[in-house]
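Q: Structure provided below as structure tokens; questions to follow.
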Amino acid sequence: MKRFAFRLQPVLNLKNHQENMAKMEVARVMQALFECEKKIEVLKKDLNSALRDFDARTQIGIRAEELTFFTNYLTRIDRLVAHEENRERLIRKQLEEKQRLLKEKIIEKKTLETLKEKKKEAYYQEVEKMIQKESDDMTAIRRKEELPDGD
């Protein structure tokens, strides 16, 4: 009796590989999102710190050069925050797309695995039927040999 062999096993292996690659892509994008969020958090802390420092200096008096420096610095940090927030939105869209692709890959793989299980079950049921038939045939042959010819 030969063992069960799934003819689409190479395709299933490919789907497993594609799913793993999609998982790695999702993880890579999630890492980029995490780093972007951290960068935004650091920039906002810098902005708040600079604003507090600016307020403190304006209360005691500030020179025109320092005022220009602070306004340029605050504007630059504000632009960086806006840039990183835009980048974060793009990364989130990319993450959604990668997660959608991953879901598709998982569904494709699960479909093939389900097909494999059904084929395997059908194969073993067929083998069992064949074994049962052989057993019944052997029993019938023995009974025929045990019966006298006159009956």
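The values are calculated or read from the model by the stated rules, or taken from the named source; none is laboratory data. All values reported here derive from a predicted model rather than from experimental measurement. Neighbour counts are summed over all protein chains in view; Cβ atoms, including those assigned to glycine, are modelled from backbone coordinates with ideal geometry.
Q: Could you identify the single residue in Glu113, Glu104, Glu108 that is assigned to a helix (DSSP H, G or I), free of Cβ contacts under 8 Å to residues at least 24 places away in the same chain and not basic (Lys, Arg)?
A: So the residue among Glu113, Glu104, Glu108 that is assigned to a helix (DSSP H, G or I), free of Cβ contacts under 8 Å to residues at least 24 places away in the same chain and not basic (Lys, Arg) is Glu104.
Q: Given the residues Lys105, Lys109, Lys120, Lys93, which is the only one that is within 17 Å of Arg7 (Cα to Cα) and at pLDDT 95 or above?
A: Every option except Lys109 fails the conditions.
Q: Additional query: Check Arg87, Arg57 and return the single one that is modelled with pLDDT under 95, surrounded by 14 or more Cβ atoms within 10 Å (Cβ to Cβ), of a type in the set (Lys, Arg) and assigned to a helix (DSSP H, G or I).
A: Arg57
Q: Something else about it: Please state which one of Gln18, Gln59, Gln9, Gln94 is touching a residue at least 60 places away in the same chain (Cβ under 8 Å) and over 20 Å from the mean Cα position of the chain (by Cα).
A: Of Gln18, Gln59, Gln9, Gln94, the one residue that is touching a residue at least 60 places away in the same chain (Cβ under 8 Å) and over 20 Å from the mean Cα position of the chain (by Cα) is Gln9.
Q: While we're looking at this one, here's another question. Looking at the range 33-78, which of its residues are more than 30 Å from Gln99 (Cβ to Cβ), in contact with a helix residue (DSSP H, G or I) (Cβ under 9 Å, 6 or more places away or on another chain) and among the acidic types (Asp, Glu)?
A: Result: Asp46, Asp53, Glu66, Asp78.
Q: Hey, can you tell me all the residues within the range 17-45 that are surrounded by 14 or more Cβ atoms within 10 Å (Cβ to Cβ) and more than 17 Å from Glu88 (Cβ to Cβ)?
A: Gln18, Glu19, Ala22, Lys23, Glu25
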